[in-house]
Amino acid sequence: AAPAATVAVQADHPGPVIAKEIYGQFAEHLGRLIYEGIWVGPDSPIPNIHGYRKDVVEALKALHVPVVRWPGGCFADEYHWRDGIGPRDKRPVRVNSNWGGVEESNAFGTHEFMDFSELIGAEAYVNGNLGTGGPQEMADWISYMTADTRSTLVQERKANGRDKPWTLHWFAVGNESWGCGGNMRADYYADLLRQTRTYLKPAPGQPTKIIAVGPSDDDTAWTETIMARAGKDIDALSMHYYDVASLNSVPKGTWKAKGSATQFNETEWFASVFGAYQTDVLISHHSAVMDKYDPEKKVALVVDEWGTWHDPEPGSNPGFLYQQNSLRDAVVAAVSLNIFHAHADRVRMANIAQMVNVLQAMILTDGPRMLLTPTYHVFDMYQGFQGATSLPVVVTGPDYSVGGRTVPAVSASAGRGTDGVTRLALANVDPGKAATVQVRLAGLKAGKVGGRILTAPAMNSVNSFDHPQVVAPAPFKDAKLSGDTVSLTLPAKSVVVLDLQ
Ligand code: AHR
């Protein structure tokens, strides 16, 4: 018999709202993300809307992407926004020194990004350049985007085709300033942040929240310093965490050989799943430090880079970070989202890295062709959690063990959607065993249950351009409701989202 799990949902003890921005995405000038993935230009034979590829825009609209972060990443601290405004044929060509040393045409700049955000209905998150820019450049950029005055900057924006200001929801002061963003010490960054913050003045009425560079992985010392020195000056602190199978293996492997996105065994599957569960440990550590300085949780922790980082696809430019996306990535996404839900009080934005053709992408393109990855489908199935009220869940049940290490086989989260529907997300991370699940609902009388499942024949099943539907959601009809209990069998290596109404 399949091992049994119990999931207790406390619908009578609602928790904080799950910020819709947890379903955000990251779009950097990297590889084939911006150019080819989003922007093909108005003269391209690929169907496009004023230069944005139509298929990608439609797929993103269907997902209701709440927020997009741009232009980097490491790219952000070498990006000068003035390069990307004005007539496209007059913009300077630069070299993208972080990502493959390729030419950056600057065809996609501030207007193209802000209009793109509006086109897909997402909030704009612009990452400022602290490394090679500075306060003046950032202050001017914010004015250019948000002001409605008679200033010369605003006249310039109007002359470039945008009359009314855009709405700027988020602005970050640098990226990874402890690394590619300047190799700074935390104290030094905190001082620069305070100095810069003084001059960042979004126009009145703008909702712009200011984000500070936060820690990588488990670097709580960085969090401590920024919160102590500048916690009162910011709205949010970022955190970056990549799930790298080799680094979550025993013995620990290297960054150089992270492991293939598609050719992996169960030990590597486990390492990725283990890495996803680590997200909970890291957020808990940083939240505890933030609680010391900000017990009222005014400052959000925003996980603005997260996802799996595998070896690049053989034959692709290694600087482009192009990787396939399998059922393993989907399971990692589900576990990570369940963890973000559990930390909804502090984690109020997350941006998966990245949107198209880079790292744990939602969408892959090949010339005119496009496919939706297994990760896209998880985001789609979880849409009802955007803005939902979180409901506490307690999972008791089987473990999943490999090589002496253990994680819970079943990961779960629950929420009451803005449409009034209660949703339960479940992932069975064990690739070999189904789990029978008894869901006990406290404080909820449901009349019917339905849902969708994502699974596939193999751990490493992928969607390819020739077979784009191998990993795709299907209706899930096997959940039985009886009184306050829902019973179901969760197939091995699957993700299920149930609607209870
Ligand atoms: O997402 C790829 C890179 O990873 C980003 O540019 C950087 O911020 C991080 O190190």
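The values are calculated or read from the model by the stated rules, or taken from the named source; none is laboratory data. Bear in mind the structure is a predicted one, so any value in this text is a computation, not a measurement. Please note: Cβ atoms are built from the backbone with ideal geometry, for glycine as well, and neighbour counts cover all protein chains shown.
Part of a loop (DSSP other than H, G, I, E, B), closer than 21 Å to CYS180 by Cα and assigned by TED's automatic domain parsing to the domain that holds ALA236: is that true of ASN127 in this structure? Break it down stepwise before answering.
Details: part of a loop (DSSP other than H, G, I, E, B): no; closer than 21 Å to CYS180 by Cα: yes; assigned by TED's automatic domain parsing to the domain that holds ALA236: yes.
So ASN127 does not fit the description; no.
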Inset, instruction - Considering each of MET227, MET239 in turn, give the residue that is hydrophobic (A, V, I, L, M, F, W, C), away from the ligand (no atom under 16 Å from the Cβ) and either on the phi > 0 side of the Ramachandran plot or at pLDDT 95 or above (or both). - result: MET227
Inset, instruction - State yes or no: is VAL281 surrounded by fewer than 24 Cβ atoms within 10 Å (Cβ to Cβ), of a type in the set (Val, Ile, Thr) and under 19 Å from ILE22 (Cβ atoms)? - result: yes
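Would you be able to tell me the number of residues in the range 157-170 that are away from the ligand (no atom under 16 Å from the Cβ) and surrounded by 14 or more Cβ atoms within 10 Å (Cβ to Cβ)? Full working, then the answer.
The initial filter retains those residues of the range 157-170 that are away from the ligand (no atom under 16 Å from the Cβ), namely 157-169.
From what's left, surrounded by 14 or more Cβ atoms within 10 Å (Cβ to Cβ): 157, 160, 162, 165-169.
Qualifying residue count, the range 157-170: 8.
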Inset, instruction - Answer yes if at least one residue in the range 417-427 is small (Gly, Ala, Ser), surrounded by fewer than 23 Cβ atoms within 10 Å (Cβ to Cβ) and in contact with a helix residue (DSSP H, G or I) (Cβ under 7 Å, 6 or more places away or on another chain), and no otherwise. - result: yes
Legend entry - Of all residues in the range 19-32 being in contact with a Leu (Cβ under 9 Å, 6 or more places away or on another chain) and aliphatic (A, V, I, L, M), the one that is surrounded by the fewest Cβ atoms within 10 Å (Cβ to Cβ): ILE22
Legend entry - Near pairs, Cβ below 7 angstrom, 6+ apart or cross-chain, from the range 202-221 (closer than 21 Å to SER284 by Cβ) to any residue that is aliphatic (A, V, I, L, M) and assigned to a helix (DSSP H, G or I): ALA212/LEU193; ALA212/ILE226; ALA212/ALA230; GLY214/ILE226; ASP217/LEU282; ASP218/LEU282; THR220/VAL289; ALA221/ALA186
Inset, instruction - Go through the residues of the range 175-187 one by one and say whether even a single one is within 19 Å of HIS240 (Cα to Cα), of a type outside the set (Ser, Thr, Tyr), part of a loop (DSSP other than H, G, I, E, B) and away from the ligand (no atom under 16 Å from the Cβ). - result: yes
Legend entry - Breaking point among (1) within 16 Å of the ligand (Cβ to nearest atom); (2) at negative phi; (3) within 18 Å of the chain's Cα centre (by Cα), for GLY73: (2)
Inset, instruction - Working carefully through the options VAL358, VAL332, find the one that is over 24 Å from HIS286 (Cβ atoms), hydrophobic (A, V, I, L, M, F, W, C) and within 16 Å of the ligand (Cβ to nearest atom). - result: VAL358
Inset, instruction - Test ALA276 against the criterion of being buried (at least 24 other Cβ atoms within 10 Å of the Cβ), under 20 Å from ALA353 (Cβ atoms) and touching a strand residue (DSSP E or B) at 6+ places or on another chain (Cβ under 8 Å), and give yes or no. - result: yes
Legend entry - Matching residues, the range 284-308, being under 19 Å from the mean Cα position of the chain (by Cα) and part of a helix (DSSP H, G or I): SER284, HIS286, SER287
Inset, instruction - Please verify whether the range 227-239 includes one or more residues that are over 19 Å from ILE22 (Cβ atoms) and among the acidic types (Asp, Glu). - result: yes
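Yes/no matrix, rows are residues, columns are (1) surrounded by fewer than 18 Cβ atoms within 10 Å (Cβ to Cβ); (2) not assigned by TED's automatic domain parsing to the domain that holds TRP70:
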residue	(1), (2)
MET184	no, no
ASP187	yes, no
LEU193	no, no
PRO207	yes, yes
THR220	yes, no
ALA230	no, no
Inset, instruction - Mind listing whichever residues of the range 230-269 are part of a helix (DSSP H, G or I) and among the charged types (D, E, K, R)? - result: LYS232, ASP233, GLU266, GLU268
Inset, instruction - Report whether or not ASP311 is assigned to a loop (DSSP other than H, G, I, E, B), within 16 Å of the ligand (Cβ to nearest atom) and within 18 Å of TYR242 (Cβ to Cβ). - result: yes
Inset, instruction - For the range 33-55, enumerate the residues that are touching a Ser or Thr at 6+ places or on another chain (Cβ under 9 Å) and part of a strand (DSSP E or B). - result: TYR35, ARG53
Legend entry - Residues (touching a residue at least 60 places away in the same chain (Cβ under 8 Å) and assigned to a loop (DSSP other than H, G, I, E, B)) located in the range 67-121: GLY72, GLY73, ILE85, GLY86, ASN98, TRP99, GLY100, GLY101, SER105, ALA107, PHE108, GLY121
